[in-house]
Amino acid sequence: MKTMLKNNHITNQARVFTALVLTGLLSVGSGLTLIKSATANPTNFSPATTNEVYPDKAKPNRLPPSVANAVLKDLASRVGISTKELQVIDYSQKTWRNGCLELPQANEFCTQALVPGWRVVVSNGRQKWIYHTNNNGRSLRLASANNSSQKQLPQKVRNAILQQAQEVSGLSARSLSILDFKATDWADGCDRPTFPNPCDPILVSGWQVTVGAANQRWVFLSDNDGSRVKLAKDENSANTAKSVPIPKNELPPPIDQGVVFRQISSGGFAGRTYETVLRNDGTLIRVRIGDANDSERSVRKISRQQVQQFQQLLKRTRREFRNLSYPAPSGAADYITYTLTSRQGTVRYNDISQNNLPQNLQVVINAWSEINNSQTPNNTLNAVPIPKSELPPPIDQGVVFRQISSGGFIARTYETVLRNDGTLIRVRIGDANDSERSVRRVSRQQVQEFEQLLQRARRQFRNVSYPAPSGAADFITSTLTSQTGTVQYNDVSQNNLPPNLQRVVTFWNQLLANSQ
């Protein structure tokens, strides 16, 4: 009996040992199978493994295969070559400052959210491409292509471009970077055509340079030594609004016999629509559409010479009136839409994108604005001190900026403040129920950039006012207050303010339009 128990015990031990051995073998075999599968699965995307080069073996985080695959496949389809000819030669982890991966398209609205991802450099041995991606490669954008045979951008040109970009954008040099450049010949004439004098273009040899910052891009043109730099204003510029055809059912009727020009404006806070026509004899008639009593009708006169000069300008710029529309940026609100009609056709735009319209169209708009506002020939505005009794109180602790807007057709007063944390609060003064209160946000980076711009433009906030021109009506007065002081202006004369103050107004309007 003891012998049988002993033998049975030995047998059980052997079974247990055998089971352990078999389990180990199965585990090893399974592991080998998994390793083989993991190695075999990417064979359809061999560029991500065989083409990928990691120049720095000490990098703590390797580029995910999904990111490499996505980049190589996208580039191969763009340039029409096989992925086998491409190779990842460098990469680095990045945290992009917006949903556009810091590479926005023209007029694109980018969410102000941090996006973890990668900067990937790809080459075919002759040319390099730089990509921005998110963490898994599902979102990616081509940043630039750099041909190794291309000339290098001269340092004088680089410095001149960045200096001009600072003036145009109101941003610091640290916020700006050169994204792309190429040698080019470009047409130039006067710096800025003014009604009624046209530009006589001449050919300049130099450079086209793209500068970027956060969710904005600018294209500049320079001569070969950087002594002449200008912001590009053609439709191929990254900062130029794109046009789309106006549907036939949205086109206004042709202008009547004896009419030179017509403007229809609609939208804004008031939501009203106005029509202004210029007749051959110089009569300017403005009415509110839907005003049964015609209570807002106004009639003024300009000289016959002004009419003739404007007609000549319209003839030279007739190609701009091709029944096209320049839409507002995605997410924009409370903007005014203008529909302009001449004998040639119609064009439509909004006040937010006015500075990004084609140059010839901007010349027409400026000339039309001069006719409407009856400005003096030099278009300069003289500042006058704001009486102490009319100055608003200083801004509160923690507030960066405040705007008080009043007047216009609805004659209401609104206050909008920007706080240090990026909060934008807008209320209607006198609204007992606070029913029109709104709270939105902008990024902390945008707040910092705006503060830097205010610091550079601090001399504009000297408690002065730029009054509306004589005869102007229904205008909106804006009172802007920073930590430095206050300045007051009206929407009729906004385009004639000092350049530094215009930059503040433009940046502020962009903050309001892009806030969430």
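The values are calculated or read from the model by the stated rules, or taken from the named source; none is laboratory data. As the structure is a computational prediction, the values presented were derived from the model and not from experiment. Ideal geometry is used to build each Cβ from the backbone, glycine not excepted, and the neighbour counts take in all protein chains shown.
Against the condition β-branched (Val, Ile, Thr) and more than 30 Å from the chain's Cα centre (by Cα), how does residue 476 come out, does it pass? I'd like the intermediate steps shown before the answer.
Numbers: β-branched (Val, Ile, Thr): yes; more than 30 Å from the chain's Cα centre (by Cα): no.
No; evaluated as a whole, the condition is false for this residue.
Could you list all residues from segment 62-86 that are more than 33 Å from the chain's Cα centre (by Cα) and polar (S, T, N, Q)?
Within segment 62-86, 82, 83 qualify.
Would you check which residues across segment 168-177 are under 18 Å from residue 230 (Cβ atoms), in a helix (DSSP H, G or I) and not aliphatic (A, V, I, L, M) and list them?
Once the filter is applied, which keeps residues that are under 18 Å from residue 230 (Cβ atoms), in a helix (DSSP H, G or I) and not aliphatic (A, V, I, L, M), segment 168-177 yields only 169.
Given the condition among the aliphatic types (A, V, I, L, M), farther than 29 Å from residue 285 by Cα and at pLDDT below 90, answer yes or no: does some residue in segment 495-502 qualify?
yes
How many residues does segment 313-332 contain that are modelled with pLDDT under 80 and either touching a helix residue (DSSP H, G or I) at 6+ places or on another chain (Cβ under 7 Å) or of a type outside the set (Gly, Ala, Ser) (or both)?
Total meeting the criteria: 3.
Tell me, yes or no, whether segment 477-492 has at least one residue that is assigned to a helix (DSSP H, G or I), on the phi < 0 side of the Ramachandran plot and either modelled with pLDDT under 80 or touching a strand residue (DSSP E or B) at 6+ places or on another chain (Cβ under 7 Å) (or both).
Yes - at least one qualifying residue is present in segment 477-492.
With (1) at pLDDT 85 or above; (2) charged (D, E, K, R); (3) assigned to a strand (DSSP E or B) as the list, and residue 180 as the residue in question, which single condition is left unmet?
So residue 180 meets the others, but not (1).
Residue by residue through segment 159-176, note down the ones that are closer than 16 Å to residue 221 by Cα and at pLDDT below 75.
169
State whether one or more residues within segment 285-300 are within 15 Å of residue 372 (Cβ to Cβ), touching a residue at least 40 places away in the same chain (Cβ under 8 Å) and of a type in the set (Val, Ile, Thr).
Scanning segment 285-300 turns up no residue that is within 15 Å of residue 372 (Cβ to Cβ), touching a residue at least 40 places away in the same chain (Cβ under 8 Å) and of a type in the set (Val, Ile, Thr).
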